[in-house]
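See structure below.
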């Protein structure tokens with residue numbers, strides 16, 4: 001009986017346990033069915049999340065344009081190829097969606113990728129062994145052009161697919177690279193981020209906001225029927241329009257490249273401004289870099305705004321202006337040039353001709369001859385050092401210019417000891433950047449007012465085409481009176497035009513120009529002194545033209561050029577200034593204000609006639625009769641395009657490229673980067689330039705027929721032969 005009773009109790013316990021378990025499980029099912037939740041997770045939402053996929057709608061990074069609307073930086077689509085290996089991807093499909101024939105796939109891909117058939121086959125077979133869903137082909141399967149992608153796609157190879165990436169592209173190579181900067185994909189490869197120049201300064205504005213499309217799909221990634229779809233539109237980044245003038249910037253790049261090739265200096269800086277507005281018209285540095293290849297960057301610094309140096313004698317414009325404004329200047333007053341000492345404890349100041357001087361001369365002549373003694377005497381005896389410091393601060397030489405570019409580093413006014421004060425007067429001890437000097441010099445053009453320099457003309461919302469920022473002339477302060485400004489323009493004119501002026505070799509043919517030369521010593525890293533030797537200087541020139549209605553202001557410096565025995569440091573500087581100033585003013589259609597001495601010396605202005613649709617031989621003959629350098633591309637009878645617009649004024653040495661209706665690859669040895677870029681775009685070639693300067697090697701041989709999308713590799717370098 002006891003056993004039966006115990007058995008009955010055990011049976012009842014088990015029945016009760018299973019009843020309770022049934023009730024719990026049933027209750028749980030009923031709860032889930034009624035509420036649609038499990039552990040506070042909505043099952044419908046969970047199922048949707050598992051089925052849901054999202055397609056990113058990539059926003060375009062904003063473009064960067066020049067003053068005339070030419071694109072200087074934009075996103076260019078590139079493609080990467082990958083192969084799906086999983087057979088399940090082809091289930092329930094009318095044709096194969098995966099790689100079904102490794103040999104055939106390898107053979108076809110090898111025709112388009114820079115890979116051997118066996119190398120491709122090995123990657124596919126390794127992927128199959130590892131049971132991988134898909135494989136890629138390394139660096140050779142990335143950054144494919146649209147033309148290459150379309151050719152592979154047209155082969156209709158089973159299992160071969162493409163994903164689209166974007167790279168930042170700079171169609172003009174080294175053109176204004178220190179202003180534009182560069183951007184490249186971040187570590188994840190998803191976003192393009194600015195790392196230098198305008199790309200960095202305005203990265204947040206240029207970066208757009210991605211959108212998306214969300215929907216439910218099956219396990220083969222096919223969209224389900226009647227599924228709901230959620231869409232968020234992308235917002236493209238803002239477009240930035242710069243103040244750069246494309247023609248003048250290109251001219252500056254070409255001329256600076258010639259000087260770089262001939263004189264092999266350590267550094268070159270060149271910047272041009274509209275002195276009546278503060279707009280930066282052109283800017284370049286050497287060494288420079290191609291933003292399409294940021295891994296090859298030699299010089300990250302925009303020396304025009306980021307590298308303060310002792311300015312040398314260009315500083316004297318502020319010294320003389322201070323004396324005039326203070327009312328203590330008499331240009332006819334004389335002093336003993338050569339050397340100057342205030343006492344036995346302070347080092348003697350010498351004039352630049354080894355302290356010989358020019359005897360007893362006037363202060364006006366002292367400015368014209370760039371006398372260090374005159375500058376020091378003006379500060380110490382006439383203006384007084386403390387008052388002179390006030391004027392330097394009025395010219396805002398102690399602060400940043402606030403130009404809209406990153407990494408500005410202002411110079412420093414070193415003014416602790418008597419020797420500092422004496423040397424600051426003629427451009428030693430104290431340091432400045434070229435942009436600080438330009439800003440200070442705007443006072444001479446604008447009746448004493450300083451103008452803020454700027455590079456951004458306007459910022460436009462690419463989605464609405466509305467202008468959000470429209471920069472204008474901005475007065476940053478007042479340093480001197482209008483009378484002082486006018487007197488300084490006269491003094492600077494004497495430097496260029498007057499007898500014994502240090503700037504005589506800077507004279508222009510068609511325009512009046514004022515300016516000031518500078519020769520600054522280079523500190524010796526090994527001790528506290530300066531380097532010695534004719535070449536171990538930084539040679540510079542500050543110029544304004546035309547004198548009565550200035551349209552361009554320029555600062556150029558060349559550091560440690562390699563000079564022949566009969567050359568001076570001002571030779572490479574004057575080559576840049578004269579070429580860019582003269583031709584730049586002509587580009588801007590500024591009326592010449594210099595009269596020719598003889599009628600026969602006047603140059604005939606040659607303008608490009610209408611060429612599109614005209615007979616090739618007729619146009620070629622007409623231009624060659626006018627001594628224009630002409631290159632005809634192909635042997636067609638009609639001209640289809642040219643690198644110059646109708647009516648363009650042709651300058652000495654400019655190349656006119658005439659594209660015919662039967663183009664062939666021309667011989668481009670000696671061509672500039674600008675001409676090579678035009679040719680590649682006009683012919684639809686994929687361009688890859690290496691180096692800088694002028695073309696010395698091309699991958700497509702001359703006279704060969706050209707296929708659209710074909711890759712043209714060009715090697716450039718500096719050389720005497722290419723310059724000539």
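For the stretch 513-524, which residues satisfy the criterion of being assigned to a loop (DSSP other than H, G, I, E, B), surrounded by fewer than 19 Cβ atoms within 10 Å (Cβ to Cβ) and under 31 Å from the mean Cα position of the chain (by Cα)?
Result: 522, single match.
Determine which single condition residue 453 fails, assuming it passes every other condition in (1) surrounded by 24 or more Cβ atoms within 10 Å (Cβ to Cβ); (2) closer than 27 Å to residue 352 by Cβ.
Of the numbered conditions (1) surrounded by 24 or more Cβ atoms within 10 Å (Cβ to Cβ); (2) closer than 27 Å to residue 352 by Cβ, the odd one out for residue 453 is (2).
Determine if the stretch 384-396 includes at least one residue that is surrounded by fewer than 21 Cβ atoms within 10 Å (Cβ to Cβ) and part of a loop (DSSP other than H, G, I, E, B).
Checked against the condition, which is being surrounded by fewer than 21 Cβ atoms within 10 Å (Cβ to Cβ) and part of a loop (DSSP other than H, G, I, E, B), the stretch 384-396 yields at least one hit.
What are the residues in the stretch 259-306 that are at positive phi and not in a loop (DSSP other than H, G, I, E, B), if any?
If we filter the stretch 259-306 for residues that are at positive phi, which is where we start, we get 264, 278.
The answer is none; no residue qualifies.
Taking the condition of being under 24 Å from residue 547 (Cβ atoms) and assigned to a helix (DSSP H, G or I), how many residues in the stretch 557-596 meet it? Give the derivation first.
Residues of the stretch 557-596 under 24 Å from residue 547 (Cβ atoms): 557, 570-571, 573-596.
If we keep only those that are assigned to a helix (DSSP H, G or I) too, we end up with 570-571, 573-587.
Total meeting the criteria: 17.
Across the stretch 443-470, which residue is farthest from residue 279 (Cα to Cα) among those that are free of Cβ contacts under 8 Å to residues at least 40 places away in the same chain and either part of a loop (DSSP other than H, G, I, E, B) or not assigned by TED's automatic domain parsing to the domain that holds residue 331 (or both)?
Kept after step one, since they are free of Cβ contacts under 8 Å to residues at least 40 places away in the same chain, are these residues of the stretch 443-470: 447-449, 464-467, 469-470.
Next, only the ones that are either part of a loop (DSSP other than H, G, I, E, B) or not assigned by TED's automatic domain parsing to the domain that holds residue 331 (or both) stay: 447-448, 464-465.
Numbers: 447: 18, 448: 18, 464: 26, 465: 23 Å.
Filtering first and then ranking leaves 464.
Residues that are farther than 22 Å from residue 621 by Cα and outside the structural domain of residue 170 (by TED's automatic domain parsing): which strands (runs of 3 or more DSSP E) entirely in the stretch 640-699 hold 3 or more of them? Spell out the reasoning first.
Values: elements: 655-660, 686-690, 694-698.
Correct list: 686-690, 694-698.
Give the stretch 476-488 a look and list any residue that's assigned to a helix (DSSP H, G or I) and closer than 12 Å to residue 318 by Cα, or say none.
Quick first cut of the stretch 476-488, residues assigned to a helix (DSSP H, G or I) only: 482-488.
484, 485, 488, listed by residue number.
Based on what the data block shows, is residue 551 crowded, with 16+ Cβ neighbours inside 10 Å and in contact (Cβ under 8 Å) with a residue 60 or more places away in the chain?
Values: crowded, with 16+ Cβ neighbours inside 10 Å: yes; in contact (Cβ under 8 Å) with a residue 60 or more places away in the chain: yes.
Yes; evaluated as a whole, the condition is true for this residue.
Listed here are the residues, each with its yes/no results for (1) touching a strand residue (DSSP E or B) at 6+ places or on another chain (Cβ under 7 Å); (2) free of Cβ contacts under 8 Å to residues at least 24 places away in the same chain.
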| site | (1), (2) |
| --- | --- |
| 501 | no, no |
| 513 | yes, no |
| 521 | yes, no |
| 536 | no, no |
| 565 | no, yes |
| 582 | no, no |
| 586 | yes, no |
| 594 | no, no |
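Can you name every residue in the stretch 152-194 that is at positive phi, free of Cβ contacts under 8 Å to residues at least 24 places away in the same chain and buried (at least 22 other Cβ atoms within 10 Å of the Cβ)?
Within the stretch 152-194, no residue meets the criteria.
How many residues, within the stretch 354-369, are surrounded by 14 or more Cβ atoms within 10 Å (Cβ to Cβ), out of contact with any strand residue (DSSP E or B) (no Cβ under 6 Å at 6 or more places or on another chain) and part of a loop (DSSP other than H, G, I, E, B)? Spell out how you get there, then give the answer.
If we filter the stretch 354-369 for residues that are surrounded by 14 or more Cβ atoms within 10 Å (Cβ to Cβ), which is where we start, we get 355, 357-358, 361-369.
Next, only the ones that are out of contact with any strand residue (DSSP E or B) (no Cβ under 6 Å at 6 or more places or on another chain) stay: 357-358, 361, 363-369.
Next, only the ones that are part of a loop (DSSP other than H, G, I, E, B) stay: 357-358.
Matching residues across the stretch 354-369 total 2.
Can you tell me which residue within the stretch 400-423, out of those that are in contact (Cβ under 8 Å) with a residue 24 or more places away in the chain and outside any loop (DSSP other than H, G, I, E, B), is nearest to residue 543 (Cα to Cα)?
The qualifying residue nearest to residue 543 (Cα to Cα) is 423.
Report whether or not residue 140 is over 28 Å from residue 404 (Cα atoms), out of contact with any strand residue (DSSP E or B) (no Cβ under 8 Å at 6 or more places or on another chain) and modelled with pLDDT of 85 or more. Reasoning before the result, please.
Values: over 28 Å from residue 404 (Cα atoms): yes; out of contact with any strand residue (DSSP E or B) (no Cβ under 8 Å at 6 or more places or on another chain): yes; modelled with pLDDT of 85 or more: no.
No; evaluated as a whole, the condition is false for this residue.
Name the residue, out of 79, 89, that is more than 43 Å from the chain's Cα centre (by Cα) and either farther than 30 Å from residue 197 by Cβ or at pLDDT 70 or above (or both).
89
Filter the stretch 119-141 down to the residues that are buried (at least 18 other Cβ atoms within 10 Å of the Cβ) and within 13 Å of residue 98 (Cα to Cα) and list them by number.
Correct list: 124, 127, 135.
Can you find a residue that is out of contact with any helix residue (DSSP H, G or I) (no Cβ under 9 Å at 6 or more places or on another chain), over 30 Å from residue 173 (Cα atoms) and surrounded by 19 or more Cβ atoms within 10 Å (Cβ to Cβ) anywhere in the stretch 92-111?
For the stretch 92-111, residues out of contact with any helix residue (DSSP H, G or I) (no Cβ under 9 Å at 6 or more places or on another chain), over 30 Å from residue 173 (Cα atoms) and surrounded by 19 or more Cβ atoms within 10 Å (Cβ to Cβ): absent.
Report whether or not residue 426 is under 27 Å from residue 308 (Cα atoms) and in a helix (DSSP H, G or I). Walk me through it before giving the result.
Details: under 27 Å from residue 308 (Cα atoms): yes; in a helix (DSSP H, G or I): no.
No.
The values are calculated or read from the model by the stated rules, or taken from the named source; none is laboratory data. This structure is a prediction, so every number in the text was calculated from the model and none was measured. Every residue, glycine as well, gets a Cβ built from its backbone with ideal geometry; the counts of neighbours run over all protein chains shown.
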